[in-house]
Amino acid sequence: CFLPLPLVKLSSTFWSNLNWQLQVVFTGGRTQPGTIKPDEGERHPYSVIECEAKREAILPSVIYIQKILRRRPFLIKNLENVMRRFLQSLELFEDNERKKLAIFTALAFSQKLSGLPPETVFQPLLKDNLVVKGLVLSFITDFFKEYLVDNSLDDLISILKRGKMEDNLLDFFPSAKRSPEGFSEHFTKEGLVPLVEYNEKKIFEVKLKDMKSALTTQIAEESDISEVIENVKQRVKDAKLPDIEVVRILWDVIMDAVQWSGKNQQQNANSALRQVKTWAKLLNSFCSSGKLELELMYKVQMQCYEDAKLMKLFPEIVKSLYDQDVLAEDTILYWFRKGSNPKGRYVF
């Protein structure tokens, strides 16, 4: 593989004009204002833009810059400036050239190239004119695909976090495609299913968090139970939340609202049982099958097992839920015979 420039016998002029030399590495020569390549003049034949759009052709340029920066770390800022200018001018490059820049950027992160922090890459891309034309989405897709060849999804997420883009991936999409459905459709088509699954999980967690927050507020304010039920049903419908997750959240929020006493065990028991009785109708509205009732019993069992002040309350809570028609007799018998979680099995 040819390296763009020799690493030895570099003149002082080279070091004083590194921005220009980096332009040679990328485009084969100096660029005009606006990152436009001039038609006239001799071009260097071994630049990133002139080589094939393949990792093995572009990697030598990454390694070359890496060696320069190790010897002259004070020049790191120059690389950042040049990359920022190129990325803000994607519309001035051809499709194939943009792909080469994306491959170079992915390899730079894979090689942990100094002077290229994630924010240097992601933030310049968020120019409205680039996003609207779909150039950013195309670039970032090529970047993701190339980076994931040698790195895990966790590594990619780490880069996105440092670049402050983990929660803003839709910002790369044109407004017409800026939706969870558009995200899933695009990256599934591009073969990036793990990224789609990660994004769907993140959206799901946000929806759960929002519902839990709203429910916590209503219970703390002792809102009318029928109003709370309608609110939960509407959120479940809008967010398409699984019934099992809803039951888990309901129990957590109800018990989190209990005012626990520091040392008075009897007072703690009374408070917990009073809370169960008060919000039994809410639980009953969503424990609509034996499977969901059993899930509620698992939640009760785990909390009583893990929380010392509730350890002796398990049978009383179950009996209270049974008396309020939240748990059916068959569910309790199934739990007793073979359905219980191993944790606390012999205790309860």
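The values are calculated or read from the model by the stated rules, or taken from the named source; none is laboratory data. Note that the structure is predicted; figures quoted are calculated from it, not measured. All Cβ positions, even for glycine, are placed from backbone atoms using ideal geometry, and neighbour counts span all protein chains on display. Heads up: the accessible areas ignore ligands, DNA and RNA and are worked out on the full protein's heavy atoms, side chains in. Shrake-Rupley method; radii C 1.70, N 1.55, O 1.52, S 1.80 Å.
The figures follow:
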quantity	calculated
Solvent-accessible area of TRP335 with every protein chain in place, 1.4 Å probe, in Å² to the nearest 10	10
Cα-centred dipole magnitude for the chain, charges only on beta-carbon of K, R (+1) and D, E (-1), debye, nearest 20	1220
Gyration tensor verdict on region 170-239 (Cα atoms; rounded if a/c is under 1.5, prolate if a/b is larger than b/c, oblate otherwise)	prolate
Potential lengthening between GLU306 and SER89 on full extension [0.36 nm per residue; Cα-Cα distance subtracted]	72.4 nm
Convex hull (Cα only) mean projected area of the chain, reported in nm² to one decimal	24.6
FRET efficiency, 1/(1 + (r/R0)^6) with R0 45 Å, evaluated for LYS189 and SER288 via beta carbons	0.75
Region 224-285: trypsin sites (Lys or Arg not before Pro) in DSSP coil with no more than 16 other Cβ atoms inside 10 Å	LYS240, LYS263
Pairs of Cα atoms farther than 23 Å apart, region 65-154, %	22
Residue-level accessible surface for LEU135, protein heavy atoms, 1.4 Å, Å²	20
Ranked order, MET83, MET302 - accessible area, probe 1.4 Å, largest first	MET302, MET83
Percentage relative contact order, region 210-338, counting C-alpha pairs under 8 Å, at least six apart	24
Cα lying deepest toward the dipole's positive end in the chain, options PRO342, GLY163, ASN199, charges on Cβ	GLY163
Mean separation of Cα contacts under 8 Å, 6 or more apart, over the residue count of the chain: relative contact order %	10
Three-way shape label, region 215-264, alpha-carbon gyration tensor, a/c 1.5	oblate
Two-site FRET efficiency, VAL149 against ALA220, from Cβ-Cβ distance with R₀ of 41 Å, rounded to 0.05	0.25
Region 96-194 - Kirkwood radius from inverse mean 1/r over Cα pairs (Å)	13.7
The chain, accessible area per residue, ligands and nucleic acids excluded (1.4 Å, Å²)	53
Rg/Rg_ref, region 106-153, where Rg_ref = 2.2 N^0.38 Å and atoms are Cα	1.21
Per-residue HN-Hα couplings for region 310-316 [Karplus 6.51, -1.76, 1.60; θ = phi - 60°; Hz; x = Gly/Pro]	10, 3, 8, 8, 3, x, 5
Whole-Å distance, taken between Cα centres, linking region 305-348 and region 154-210	40
Descending Cα extents along the principal axes, region 210-338, whole Å	39, 35, 23
Kirkwood Rh, angstrom, region 59-116 [1 / mean 1/r, Cα pairs]	11.8
GluC sites (Glu not before Pro) restricted to region 73-105 and DSSP loop, no more than 15 other C-beta within 10 Å	GLU94
Chain lengthening between ARG345 and ASN270 when straightened (0.36 nm per residue, less Cα-Cα)	24.6 nm
